[in-house]
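Right, one structure below, let's go through it.
Just so it is clear, none of the values below were taken in a lab; they were calculated from the coordinates. Keep in mind that this is a model prediction, so the values were computed, not measured. Note: ideal-geometry Cβ built from the backbone for every residue, glycine included; neighbour counts use all protein chains shown.
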């Protein structure tokens, strides 16, 4: 695969993460495509770690073993949103660039990594393997629906990533508003 095609694939993958993050109520700090051996990328959501830590502290009494802790509905919802965000990159590749995605071999390294993380989270919040598989399947459908509905935005963000290499959350907002040329 040429560097240009791999760059487009990586940009679409990362743009898909960002668009789903925004569509599910999250905020994007930065997305980047990094040249190197091929291309790598990263989408960093803006997280309020103090709020999450506070919520966990209230729910999880000190000294109680992790395996015995019951995860509250708010944490499950947050984890579910993370699963949808993780599967969005691979789903974006397969939806918008199926020929490129399949030509990189075993569904691309980033796709495999994202799916492993999504699977680990799903297993962590599910009672059974079947429930985790159902959650992952629903997350893929949700991500695909969001991406298909927002295809022009995914393409605009991916194009801007190809041109600029990195975008901050406020720059993505400008693309959404139509104020920033890709």
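Given their separation in residues at 0.36 nm each and the Cα-Cα distance between them, residue 148 and residue 34 gain 38.5 nm when the chain is fully extended.
Which of the peptides 78-91, 124-137, 146-159, 8-21 is most tightly packed, and how do the rest follow, going by the mean number of other Cβ atoms within 10 Å of each residue? Each step should come with its number before you reach the end.
On the way: 78-91: 23.9, 124-137: 14.1, 146-159: 18.6, 8-21: 28.5.
Most protected by this proxy first, the peptides run 8-21, 78-91, 146-159, 124-137.
Here the calculated FRET efficiency for residue 168 and residue 131, from their Cβ-Cβ distance with R0 = 22 Å, stands at 0.05, rounded to the nearest 0.05.
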